[in-house]
Structure formats: structure tokens, C-alpha cells
Amino acid sequence: MLFETLAVNSEIQLKAAKPSYAPALWRLVQENRPHLEKWMDWAQNLKNIANTERYLREMNLFNQGQQHFFSFIFSEEQLVGSIALLKRDKINHSAEIAFWKHPVLLSKDDMFLTCTSLIEYIWTYDFIQRLELQTLSLNEPAKNLAARLGFELEGRKRRAIFRNRGYLDLDVYGLLKQESLDNK
């Protein structure tokens, strides 16, 4: 596991996913289901608190096995989003970063700061040399955040996701540790 808690600033923390966060995650999903389901396919699978707790137990197992790292964003002790490292590849020193945020409770600037803090932590304490970000081509806020973080558009996977009875494209972005550090 990368960390239990990572302080972003005095108000925002990243906390490794735990089953005890199920009630807070369930509330957040219920309050924002239309928004989340538009971008995140996992949201439709969370049907109740027990199901959400099972989902978080699976996340916790992935964290322990270090294949992925799932964490939640807390602002003033309230769960407001998530950020994860997926497909942590120890051979190729790469991982995929994924995130989502509450549309109101966490600002774009705070999400940028949160992503920046995690990326700096990864460059300092983890084996990762390359981060990849995949987002729906229609997701302008995520694409804007990727650009602001220094990710480069590397290509498009056409008709890569089937959602709501239709195929959607994914844009693929990459960020290299050395380029990121050189641009500081």
C-alpha cells in the first residue's frame, strides 16, 4: 500500500480505501448518481450500502496486493471524490491514474492540487516512471485537468467503451516522470 493518509493541505486529505467508508460513499453516489453514471461505469453497480461495502473490501484487497491503489479524497473530513492508480506495472514502471470528484464540494483547483500532490508523492516514493490517463473524449473537465497537470494527448481509442446503448471514444494521455520534473 502506498499510504494510509496523505495530506494535500490543511483541509484536504487522501485516505486509502476502507470498507468503513461505505456509508459515506453510498451517500455521495446516491446524491450524484446521474452525474457519476455519465462518466463512471462502476457507479451503476453500487446498489446499497452492503454492496458498496463489498466493493470497498475488493478495493482494499487490491491495495494490499499493490496491483492498484484506491484512495478517497476528503475535504474537511467529508468524502468528496476518489483518485486511484490502476494497473500498477512493476516491470514497465507505469500505472494508470483515474479520478472523480463531487461536482460542487471540491473545486477544480482543489482537484488539481490533489492530483498534483499524489503525482509528486508517486515520483518521490514509488517505482512509477510513466502515468497514463484515459478519459471519455466527451469529458472536457477531465481533459482540461489532464492538460493542466502536464499530461500529453497520446491518442484516441475509437469506440472503446459501450455505455448507455452506444459506443464512446477514449482519449489517452501520458505523463513521464522526467518530463514532469523538468517542467517544474
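Quick note: the coordinates plus some simple rules give every number you see, no bench work behind them. The model shown is predicted, which means the values in this text are computed figures rather than measured ones. When we count neighbours, we look across all protein chains shown, and the Cβ atoms used for this are built from the backbone with ideal geometry, even at glycine.
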Next on the checklist: Only four residue types carry charge here, +1 at the Cβ of Lys and Arg and -1 at the Cβ of Asp and Glu. Report the dipole size of segment 34-184 about the Cα centre in Debye, rounded to the nearest 20.
Outcome noted: 580
Checklist outcome for this item: Reduced to Cα centres, the span from segment 64-119 to segment 8-51 in Å works out to 12
Checklist outcome for this item: Mean shadow area (nm²) of the C-alpha convex hull around the chain is 10.2
Checklist entry - What 222 nm value per residue comes from the helices of the chain, counting each DSSP H run with n ≥ 4 as -39,500 (n - 2.57) and dividing by all residues, nearest 500 deg cm²/dmol? => result -12000 deg cm²/dmol
Checklist outcome for this item: With +1 on the Cβ of every Lys and Arg and -1 on the Cβ of every Asp and Glu, the dipole magnitude of segment 81-126 about its Cα centre, in debye rounded to the nearest 20, is 140
Checklist entry - Leaving out same-chain residues fewer than 8 places away, which aspartates and glutamates sit with a Cα under 12 Å from that of residue 15? => result 4, 77
Checklist entry - Net charge near residue 32, counting Lys/Arg +1 and Asp/Glu -1 over other residues with Cβ under 14 Å of its Cβ? => result +2
Item to check | Residues with amide H under 5 Å from that of residue 163, placed H, sequence gap 5 or more | outcome: 168
Next on the checklist: Given a Förster distance of 25 Å, report the FRET efficiency between residue 109 and residue 138 from their Cβ-Cβ distance, rounded to the nearest 0.05.
Outcome noted: 0.65
Next on the checklist: I want to check a number: in segment 22-150, how many lysine pairs have alpha carbons closer than 25 Å, given a sequence separation of 8 or more or different chains?
Outcome noted: 10
Next on the checklist: With a 10 Å cut-off between alpha carbons and a GNM built on the chain, which of 29, 172, 104 moves the most?
Outcome noted: 104
Item to check | Positive-pole candidate from 100, 62, 82, dipole of segment 38-107, charges at beta carbon | outcome: 62
Item to check | Inter-label distance for residue 92 and residue 125, nm, one decimal - labels placed 7 Å from Cα along Cα-to-Cβ | outcome: 2.6
Checklist entry - Using a Förster distance of 22 Å, how high is the FRET efficiency between residue 152 and residue 7, based on the Cβ-Cβ distance and rounded to 0.05? => result 0.15
Checklist entry - Where nothing but the Cβ of Lys and Arg (+1) and of Asp and Glu (-1) is charged, how large is the charge dipole of segment 1-73 around its Cα centre, in debye to the nearest 20? => result 160
Checklist outcome for this item: Per DSSP, the loop-located trypsin sites (Lys or Arg not before Pro) within segment 3-79 having at most 12 other beta carbons within 10 Å are 47
Checklist outcome for this item: The answer for GluC sites (Glu not before Pro) in segment 1-71 that fall in a DSSP coil and have at most 13 neighbouring Cβ atoms within 10 Å is 4, 11
